[in-house]
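Notes to accompany the following structure.
No lab work stands behind these numbers, since they all come straight from the coordinates. Every value quoted in this text rests on a predicted model; they were computed, and no experiment measured them. All Cβ positions, even for glycine, are placed from backbone atoms using ideal geometry, and neighbour counts span all protein chains on display.
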Amino acid sequence: MVLLGVVAAVVGGEGGDSATGAAKPAAVASSDAAKGGETKPTSAAPEKKAAVSVVAKRTEFKKSVIADDSAYTSVAVTITNNSSKPINVNPLYFTITDTSGTKHMAELAADENQIATVELAPGENITGTVTGKGGFSPKTVTYTDGLIGKGVRAEVS
């Protein structure tokens with residue numbers, strides 16, 4: 001595995017001269033930068049869309065019959081599956097971070113409009129609320145695909 005990584009780095013290494021495949025000496029590269037020349041990627045591949053996109057905005061808490069009389073903070077979240085595989089959405093996969101950096105777990109069934117537990121096929125999206133216990137100013141919402149997947153963060157508007 002290591003040998004394959006080294007070979008791939010040598011064969012496909014960046015920073016080479018496209019005409020000869022030879023690397024530019026550091027002095028030449030720094031003189032190019034000093035002249036204000038910028039190197040642009042030569043790849044014609046279009047910019048990739050994130051596999052999952054999350055949009056979040058502050059919304060009013062709508063108390064469900066299960067919620068107690070505590071203070072709650074809700075955020076309306078829209079999650080879109082831009083990948084080629086289905087993804088799972090569950091209120092437990094979301095956290096809200098407030099402006100002081102404190103992370104709040106989702107309170108289940110506190111808000112009438114809670115985001116549903118669903119599987120999103122490629123191209124599908126869903127909107128619902130994620131609610132944290134307490135009165136706070138939400139800064140970001142993080143969605144994690146599964147409990148241990150990679151997190152996708154969105155600023156709360």
**Prompt:** Taking the Cα-to-Cβ direction at Ser70 and at Thr102 and moving 7 Å from each Cα, how far apart do the two end points lie in nm?
**Reply:** 1.1
**Request:** Can you tell me how much longer the chain between Ser53 and Lys133 gets when fully stretched, taken as 0.36 nm per residue apart minus their C-alpha distance, in nm with one decimal?
**Result:** 26.3 nm
**Complete:** Val152 and Lys62 label points (each 7 Å along its Cα→Cβ direction) are spaced in nm at 2.4
